[in-house]
Structure formats: C-alpha cells, structure tokens
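Trainee: Below you will find the structure I want to go over with you.
The values are calculated or read from the model by the stated rules, or taken from the named source; none is laboratory data. From a predicted model like this one, the values you see are computed outputs, not experimental measurements. We place every Cβ from the backbone using ideal geometry, glycine too, and count neighbours over all the protein chains shown. Just the protein is used for accessible areas: all its heavy atoms, side chains included, with ligands, DNA and RNA removed. Shrake-Rupley method; radii C 1.70, N 1.55, O 1.52, S 1.80 Å.
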Amino acid sequence: MTFQEPPFPRRQPNSRPLHDENASTEHRHIRRDQPPETEQRRSRRDQPPETEQRRSHFDQPDEPTRKASRFDRFRGALSGPPAPRDHGEIEYGGSEEQQEYDEFLDLWEQIPTQSDFDTLRTSAIPAVDATHPVIIRPWEQSRVYPIVKRPLTLSRQVSIVVSLVIVVIVVILNTKSFDPALASGLPVWSANRGQFNLGSAGIVPSGNNPSTGNNGAGNNGTGGGNNGGNFGTPPLSTSTLPIPGPQGLPTQSNAPQGGTVSVAVDPNNDQGPVNPMIWGINAPDRNLRWAGNTNIVNELKAARIPLIRIGPIQYSNVVFGHPMCSSPTNCDFSLMDQSLRDVFQAGAQPEFQLTDYPGGVAANDWQAYATFMRMVITRYNVNLVLGQKIKYWEFWNEPTVEPDGTLTEGQYVNMIVTVGGAMKAIDPSIRIVAPASAWPDLGPGGWLDYMAKNTGNIIDVLSFHSYGDYGGSDQARLDSIKADYYDEIVNNASRFVTPSGKQLALAVTEYNIAWKDLSSGSTYEWHSSYDAVYAADTILWATKAHADHFTYFTVAQAGKNLLGILDPSNNYAPFRPYYTFAMYGNYMRDRLINATSSDGTVDTLASKSNDGTLITIMIISKDMQNRRPIAINVAGLGNGTATIAMLSDNSLPTTQSQQAYQNGTLTVTVDPLSVTAVMIKTTP
C-alpha cells in the first residue's frame, strides 16, 4: 500500500518569503496579506508594493524540495505502532493537528483487517467523497490509513456486516433513482463515461462553438448553430443525502420558501451574439503532469468549454525537468505539442501564455525570445502541425510578481514590441493579450493604461486578474460580483485606446471566489454550489458587459485543489462548479435577448437560437437561505412544455424535469444557491 502525498503545511500569517519551504503551496498563490483595518478586499486601483512577491499560479515546489506535511509525521505508523495517544515526542502546531492525529488513531482502531479496510474503502467511502467533497477535508480524499490485523470478535463481525448491508442498500436505492424507466423522455446517464442522452425531451445542447471571427471590441461571433451533442459525465454520485453548508445555512431540502421573483424575457429584444469565450478556464496545474490524460479531455469536451488558458513553456520546462530548448532554435516540442493537442481535442481553443524562458534565452533578451516565438508561431499557425491555428497569445503572467521572472513596465513594453511584433509579422490575425495584471489595475497610470499608451497597436486585449475577498462574508462576496465583473468592464471599456485610436478590449484571465483559504476557515464554499453560483453569476455579468473573454481559475490543482473543478484524486471526476460550465456550454444559445429580474438576489440571462425556435433562460439564485418561486413570462410565447435543469447542493443538471407553460408564463421554484436553466422549444 502506498502513502498518498498529503497537502502542504498551512502558511502562518505574514509569512511571505517567495521560496520559503514552509510557505503554503495549497493553490500556488501567494499575495498580499489581509488589508489593514477596515479594508476588506484588495484595492482595485492601488498597486501593491514592489517588494511584495507571491507564487505564480503555475509555481509549486518540485517533489525533492517539498516540506514534510503534518501527515508525513504519521508515516511511521504504517510500518509499526502509532505514536502514543498523548502525542509522545511528535511536535504539533496546535490543537487542530492533535485532533487530526486522534482521528487518525480512531480509524486505526475501527478497522480490523486489511481486507475489511479495502472493502470499506472501495464501497462506502468513495460514495460519500464523490458526492459530498465539501464534508471531507481535502487531504482526506486520498488519505491512506495504517492497517493492523486483530482477532474478529462477534461484535466486530456484526458491526462489519451491518455496515456492508447499509452500503449495499444505499447503492441499490440510488441506482433506482436513475432508472431510465422512471424518467421516460427525460435525460438519463448512459453506461459510458462522458455520454449524456437527452432522450425525447426535445432539447438539444447549444451549438455555440468557438469561431474565428471577432466582432468589434470583444464580441466574438458564435458558430455552428444548434448542433446537438453530449453533455457531462456520470453524476458525482447517486446519493441524495443533504450536504451541510456553512454555519447557519440550512440544507437545501429543508430551506424555507421566500418571496416570488418575477423574470421577464423579451425574445424580440435582440442584444447581439452570445460570446462563448466568457466561460473559459485555466488549464490544470503543471505539477499534475496532466497532458495525455483522456479523463480531463473528456470532461472538458463534455462541458463544451471553448477556451483554455495554458502555459506550454512552463509546462514543458517542469515536466522535462529542464528547459525545453538548448538554444532559441533547438527545442523539444513534444510536451508543448501534447498539451496543446489535448486542448484542441477537448474542442477548445488554447490561450497560449508566454511565461518563463524556454532555455538558451537570457532574462530580458527579447530578441532571442522573439527568435524562439517566430519558430513557435510558424510551427502552429503556418505549418499547422496540430491542424488548427492558435488565436490567443497572452504575454507573461502577473509580471510584477511572477516567480519565473518579474518585469518592469519598460521591460514589458520591450517584450510586447519586440516579441509581439515579430509574431504578428508572421500571422497578423492573432490576438495578443496583455499584461495579465495580478489585480484590476485599471486606473490612470496603472499597468493597463500604460500598455495601451506605449505599445503601439500590437496589443488587442488588455487582461487582469480579479478574485473575491477571502476575508469577507459569503453573502458579501456574492453581492460584489456585479461590481467586480460588470461595472469594472463597462465603466472602463471605452477608456483604453491606443494613440492611433485603436480600441482595446478587456478580459479577466483569472477569477474565483478567492485566491487563498477563506479567513473563516470554511472549506464548504470551494466545491459546492456556492462556487458554482459564484462562477455562474460572474459569467452572467461578464456576458452582459460584452467582455472579450474570461477564464476561471482552474481545472485542477496539485495539493489541496481548492480552486479546481475536477478532482485529481478521483480520476478527475467533477466537483459541482464543473456543471456551471457544462450548463453554459450546452444550454446557452446563439443570441442574447433581454431578460430582467425583480429581485437583486436572483440574476437572469436569456438567449435564443439563430432561428428563434429555442430559448434558454439562466436563473442564478444568490439567496443563501430560501427556496424562491420564479414567475417567468416570455413575451409572445403561447403554450407548451419547458425542460428544467437545476444545479444546487441537492440537484445536478443531469436530472431534468418538464413543466407546462401557458401564454408564455410558468413558475419554477429554485433552491438556495442554485443555477437553473429553463429551456423552451417554441415550435412543436
């Protein structure tokens, strides 16, 4: 039995050294500490001190340099008796670790034999982990406990038999809940991973595929029309047990009902094409060595995620264990090809991130870097070695704090002009994205403003990163989404113009509920409907703001994987936030139409197919306490049946229902913290 490497020690407050081996690498970000006094989130205008450093989101120590974690201290128990209950000579950092060690010992005492442990581990435990990742601490998902053989007393035998019988009953009951015979005409899971059958419900996934066209400042055209397809992977689990939420939050099943919310939809009020690049995402952590993993490809393809931000240079250097090039023109492209090929096979476009030096290129030697990138863009966009062009190219990552090399504004301008100019000379159709600012530095004289004024017409899209407040309350974090991702875009969209008059688009290339552990200590939010709603509402407001593109952080991480939507410890099975992207990717249509809500805790976004025969209404409830009746009225619509899919802590969109509407009116009751798609076919 092998011991699964646990996550790394929690960093103490104000512990800031960039490469301190005791620093947290739990999700590869090290930023500023909590702002002083009453300031509850990072200023959107002020630049952090130049001396401040944090880890790149791609940066994590390699295996030989990792500090032993708290559970490494228990390794000795695997081959002998555990340390005594009084904690003996083991040094602990606090009562939390003492409690964890006691839990470690408790499980030891409960498991009589190796075979009994294997039985429980392969039946009871995964059924809980997969469905309710939020009630299992992240390090417990892959934790392996020591085994000791003991005599089986009668009471212990009875206990084991009862446990196994309960497991069998739960599995049988839940299997019946997904019996296709019980849901005639509704979507059901097939036996094959990644296949979702929509049955005879008459609703097919959207055909919003990435296109090569771009309309003005960021409104990418959508392609394909209503092509149908498959959605999703087998659900997290068939269990219907409620998931406990944060303290004071009722479970979905017993939540009270709040007041009715009115949603008005006008299909004749066309607001332009839907931009699918808004529900993009960042590629998995390079330390996962993920390229070539078909589970990841299948999950992303099923969700129809159209854009994946990826750092192929960093990935190649880390996985090779050395720079991918010995000189700017002598490089091994095998890993770069593989990682980019996976993106294309997932049905997405890569946003190629130029971060790190490939080897044979000195720091800030942009002429040599340009030589390397001429070879790269010729390889992919001229010779088409992967069969498709790469459209988006983002320069560096958070240049003021990137561990693989920080840059001044002047150095960054030289990079854009020299390297970006060389690339556009080969393929003028590419879109160059910059500067990947570590925060929303949108004010006069900030990084985005400086790049707009000093790089000619080379840049096409200005990018920045924006995370929710890790120190704020859950409700306050949700309430700030519109200000953070709609107001920031709309209020600054017209400000960034080059001296020659070129209007630059705006993009957010990293976002999530926070960039580090929440100060409350709660982990419920990360893999539950809370983060699913946060992502869904961000996508909603970014779509309404007509941003160029948004990329959520991230697909998966090494370590605690708080920010990931797939679980590396479970064959990259999806957490609940995954289904937010699957719902947008499969159910959004071709053109935006006007939709309004009467309540600020419920947001709505509506779209229709190009021919007007299909309408999808997305309803995001940020109400953390109440189930809400949603009274929907679609102007000009007659009678028919709507298909409804809901994502919440108690529901997955893979199970749908149908509801009749009359004169375009129907009422749908949604769970607290939920994302609901109401899909209407306007013709019989």
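Trainee: Output wanted: per-residue J couplings in Hz (rounded whole) for the stretch 336-352, from phi through Karplus 6.51 cos²θ - 1.76 cosθ + 1.60, θ = phi - 60°, x for Gly and Pro.
Mentor: My calculation for the stretch 336-352 gives 4, 4, 5, 5, 5, 4, 4, 4, 5, 5, 7, x, 10, 9, x, 9, 6 Hz in order.
Trainee: While we're on this one: Given H placed 1.01 Å from N in the peptide plane, which residues other than close sequence neighbours of residue 667 have an amide H under 5 Å from its amide H?
Mentor: 632
Trainee: Given a 1.4 Å probe and every protein chain left where it sits, what share in percent of the accessible area of the stretch 529-570 is carbon and sulfur?
Mentor: On the stretch 529-570, the fraction of accessible area on carbon and sulfur atoms equals 43 percent.
Trainee: Follow-up. Just to verify a number: what accessible area does residue 681 come out at with the full protein assembly present, 1.4 Å probe, Å² rounded to tens?
Mentor: Approximately 90 Å² for this residue.
Trainee: Calculate the all-directions average of the projected area of the stretch 599-639's alpha-carbon convex hull, and give it in nm².
Mentor: 3.7
Trainee: Right, another one. So, with a 1.4 angstrom probe, what is the percent of accessible area on the stretch 297-375 that is carbon and sulfur?
Mentor: Within the stretch 297-375, the accessible surface is 49 percent carbon and sulfur.
Trainee: Along its three principal axes, how long is the stretch 412-489 when you only count alpha carbons? Whole Å, largest extent first please.
Mentor: Over the stretch 412-489, Cα extents along the principal axes are 49, 25, 19 Å.
Trainee: Further question on the same structure: Apply the Karplus curve 6.51 cos²θ - 1.76 cosθ + 1.60, θ = phi - 60°, to the phi angles in the stretch 670-682 and return the couplings in whole Hz, x for Gly and Pro.
Mentor: Here the 3J(HN,Hα) series is 10, 6, x, 6, 9, 10, 10, 10, 9, 10, 10, 9, 7 Hz.
Trainee: Please express the Cα-Cα pair-distance distribution P(r) of the stretch 439-565 as a list of whole percents, one per 10 Å bin, running from 0 to the bin with the greatest distance.
Mentor: 13, 41, 29, 15, 3
Trainee: A further question on this structure: By per-residue mean of other Cβ atoms within 10 Å, what is the highest-first order of 452-459, 285-292?
Mentor: 285-292, 452-459
Trainee: Next up: Given the peptides 351-364, 420-433, 490-503, arrange them by the average over their residues of other C-beta atoms within 10 Å, most packed first.
Mentor: Most protected by this proxy first, the peptides run 351-364, 420-433, 490-503.
Trainee: Starting from one equal scatterer on each C-alpha and no solvent at all, send me the Debye-based log10 I(q)/I(0) for the stretch 357-426 at q = 0.14, 0.16, 0.26 Å⁻¹, two decimals.
Mentor: Treating every Cα as an identical point scatterer, log10 I(q)/I(0) equals -0.45, -0.58, -1.23.
Trainee: Can I ask one more? Once amide H atoms are placed 1.01 Å from N in the peptide plane, what residues at a sequence separation of 5 or more from residue 649, or on another chain, have their amide H within under 5 Å of its amide H?
Mentor: So residue 649 has HN proximity to 529.
Trainee: Skip the ligands, DNA and RNA, and give the accessible area per residue of the stretch 441-576 with a 1.4 Å probe, whole Å².
Mentor: So the stretch 441-576 comes to 24 Å² accessible per residue, rounded to a whole number.
Trainee: How much accessible surface does residue 337 have with a 1.4 Å probe, in Å² rounded to 10?
Mentor: Number for this one is 20 Å².
Trainee: Calculated FRET efficiency, residue 344 and residue 162, Cβ-Cβ r, R0 56 Å, to nearest 0.05?
Mentor: Once rounded, the FRET efficiency stands at 0.65.
Trainee: Semi-axes of the stretch 368-504's equivalent ellipsoid from the Cα gyration tensor, sqrt of 5 times each eigenvalue, largest first, rounded to whole Å?
Mentor: The answer is 29, 17, 15 Å, longest axis first.
Trainee: Over the stretch 578-643, with the other protein chains present, what is the accessible area per residue in square angstrom, probe 1.4 angstrom?
Mentor: 25
Trainee: What's the percent breakdown of Cα-Cα distances in the stretch 272-315 across 5 Å bins, shortest bin first?
Mentor: Per 5 Å bin, starting at 0, the Cα pair percentages come out as 5, 20, 27, 23, 14, 6, 3, 2, 0.
Trainee: Give me the Debye-computed log₁₀ of I(q)/I(0) at q = 0.15, 0.30, 0.31 Å⁻¹ for the stretch 338-394, equal point scatterers on Cα only, no solvent, two decimals.
Mentor: At q = 0.15, 0.30, 0.31 Å⁻¹ the computed log10 ratios are -0.47, -1.27, -1.30.
Trainee: Further question on the same structure: Compute the orientation-averaged projected area for the stretch 567-672 from the convex hull of its Cα atoms and round it to one decimal in nm².
Mentor: Dividing the Cα hull surface by four gives the mean projection, 7.7 nm².
Trainee: Follow-up. When all C-alpha to C-alpha distances in the stretch 297-381 are sorted into bins of 5 Å, what percent of pairs does each bin hold, rounded to whole numbers?
Mentor: Here the calculated profile for the stretch 297-381 is 3, 15, 24, 24, 16, 10, 6, 3, 0.
Trainee: Next question, about the same structure. What list of ³J(HN,Hα) couplings, whole Hz, do you get for the stretch 555-572 from phi and the Karplus terms 6.51, -1.76, 1.60, once you set θ to phi - 60° and write x for glycine and proline?
Mentor: With coefficients 6.51, -1.76 and 1.60, one gets 5, 6, 10, 6, x, 6, 6, 5, 8, x, 9, 10, 9, x, 7, 10, 6, 6 Hz.
Trainee: Now for a different question. Amide H to amide H, which residues 5 or more places from residue 551 or on other chains are under 5 Å from it, using H placed in the peptide plane?
Mentor: Those qualifying (amide H under 5 Å, at least 5 residues apart or on another chain) are 508, 509, 510.
Trainee: If you take the beta carbon distance between residue 490 and residue 363 as r and set R0 to 56 Å, what does 1/(1 + (r/R0)^6) give as a FRET efficiency, to the nearest 0.05?
Mentor: 0.90
Trainee: For a protection proxy built on the mean count of beta-carbon atoms within 10 angstrom, sort 613-620, 657-664 highest first, please.
Mentor: The densest-packed peptide leads the list: 613-620, 657-664.
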